[in-house]
Amino acid sequence: ADMAVAENDATAQKSLTETELMGISKLEGVLNREELDSKAKQITEFGIDSDYVLNEVNYYLNTDTDEVFAYLTYYKRVVPSEDSDDRNVSYSYKRLTLDAKSGDIVSLSTSYGGGDYSKIERDRDALQKKAEAFLQKYFNQHFVKTDLYEDTGYAIPYPELYYRYYPSESYVFSQKENGYFFPTNSLHISVNAETGTIDSFYKNWNENVVFDSANGIISNDTACAAYAKAHE
């Protein structure tokens with residue numbers, strides 16, 4: 001029986017192309033479903049409790065970097081409380097991307113099937129501290145280079161609807177060098193105002209950026225004055 005299995009394996013190997021064989025070799029050492037589930041639940045800040053069910057696990061090989069990622073999808077059945085006007089059962093989902101070999105977090109998103117979150121108290125300062133604690137714990141080498149970045153050009157178009165359907169507050173921490181922001185390198189995170197758990201996270205970061213000296217850069221007021229002087 002062992003010889004038959006070995007022969008079948010050898011036949012299967014011969015039927016694969018060189019590219020397919022190379023791809024298989026790069027998947028060696030990836031964590032299995034149970035190990036990935038354990039890694040995800042160890043990040044307690046995500047709030048993936050026993051009510052969440054792991055539905056899907058998919059692997060992705062980045063052929064440019066040879067990195068292997070695992071995509072995990074969890075769902076939770078949400079039953080309305082007795083005093084709720086909405087009697088429909090809904091589902092919330094958490095979708096994670098992990099390094100398939102180390103189990104390190106790459107990104108997270110959360111979606112909600114329904115509910116009215118407009119009455120939740122939203123203490124942005126307190127929630128920001130939770131966001132900072134998470135980033136300091138898991139991404140401190142990047143976080144120490146950042147500061148809270150508030151883009152005055154961005155605004156929620158329909159805040160009433162947003163606060164009704166989304167229970168989270170969002171923050172962006174961008175790299176700050178020589179007193180200036182570099183928003184391309186940023187950590188994006190949102191915190192659930194009701195539970196205090198992390199609802200979303202992703203990182204945009206290029207490690208190879210080199211910054212010139214800030215010596216000689218004119219101030220904002222000087223720049224505005226020069227612009228105004230150039231126009232009637």
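Worth pointing out:
- Peptides ranked, highest mean first, by Cβ atoms within 10 Å: ranges 165-175, 193-203: 165-175, 193-203
- Ordered by solvent-accessible area of protein heavy atoms (1.4 Å probe), largest first, the residues LEU127, LEU27 come out as LEU27, LEU127.
- Ligands, DNA and RNA left out, the accessible area of region 116-232 computed with a 1.4 Å probe is 49% carbon and sulfur.
- Surface share of carbon and sulfur [accessible, 1.4 angstrom probe, percent] for region 31-72: 41
- Full extension of the chain segment joining GLU121 with ASN55 gains 20.6 nm, where the gain is 0.36 nm per residue of separation less the Cα-Cα distance.
- Neighbourhood charge, 12 Å Cβ-Cβ cut-off, centred on SER170 and excluding it, Lys, Arg +1 and Asp, Glu -1: -2
- Once the 1.4 Å probe is applied to the protein heavy atoms, region 108-232 comes out at 67 Å² accessible per residue.
- Counting charges near ASP125 (Lys, Arg +1; Asp, Glu -1) among other residues having Cβ under 14 Å from its Cβ returns a value of -1.
- Given R0 = 22 Å, the distance between the Cβ atoms of ASN32 and GLU67 translates into a calculated FRET efficiency of 0.80.
The values are calculated or read from the model by the stated rules, or taken from the named source; none is laboratory data. Quick caveat, the model's predicted, so the values are computed rather than measured. Methodologically, a virtual Cβ is constructed for each residue, glycine included, from the backbone with ideal geometry; neighbour enumeration extends over all protein chains shown. Remember, those area values only see protein heavy atoms, side chains included, never the ligands or the DNA or RNA. Shrake-Rupley method; radii C 1.70, N 1.55, O 1.52, S 1.80 Å.
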